[in-house]
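Working notes for the structure below.
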């Protein structure tokens, strides 16, 4: 159903599917966010192990991808059994 000019359109189920996107990060911002050095982030990109978002000449990293890299390299703690 289309809303007339000046009316508020009714919410649809697709509106609920949208989520708030976290801000994209520069290499420097990604380094501060993750603790991973800028040099290593650039290496991950060169090896295509992490994706980028390129807008014009600017390159951004998605914090969700950084979280995936961090989570993928987690090692469980070994607790001593007494």
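The values are calculated or read from the model by the stated rules, or taken from the named source; none is laboratory data. All figures in this text were calculated on a predicted structure; none of them were measured in a lab. Counting neighbours? That spans all protein chains shown, and the Cβs are built from the backbone with ideal geometry, glycine included.
In summary, residue 14 fulfils each of the numbered conditions (1) modelled with pLDDT of 80 or more; (2) more than 15 Å from the chain's Cα centre (by Cα) with the single exception of condition (1).
Within the range 34-46, one or more residues are touching a helix residue (DSSP H, G or I) at 6+ places or on another chain (Cβ under 8 Å), at pLDDT 75 or above and part of a loop (DSSP other than H, G, I, E, B). A single member of 30, 9, 68 is part of a helix (DSSP H, G or I) and either at pLDDT below 90 or out of contact with any helix residue (DSSP H, G or I) (no Cβ under 9 Å at 6 or more places or on another chain) (or both), and it is 68.
I'd like to verify a number: residues in the range 35-61 that are in contact (Cβ under 8 Å) with a residue 24 or more places away in the chain and in contact with a strand residue (DSSP E or B) (Cβ under 6 Å, 6 or more places away or on another chain), how many? Total satisfying the criteria: 3. Considering only residues in the range 47-65 that are assigned to a loop (DSSP other than H, G, I, E, B) and surrounded by 10 or more Cβ atoms within 10 Å (Cβ to Cβ), the one that is farthest from the chain's Cα centre (by Cα) turns out to be 49.
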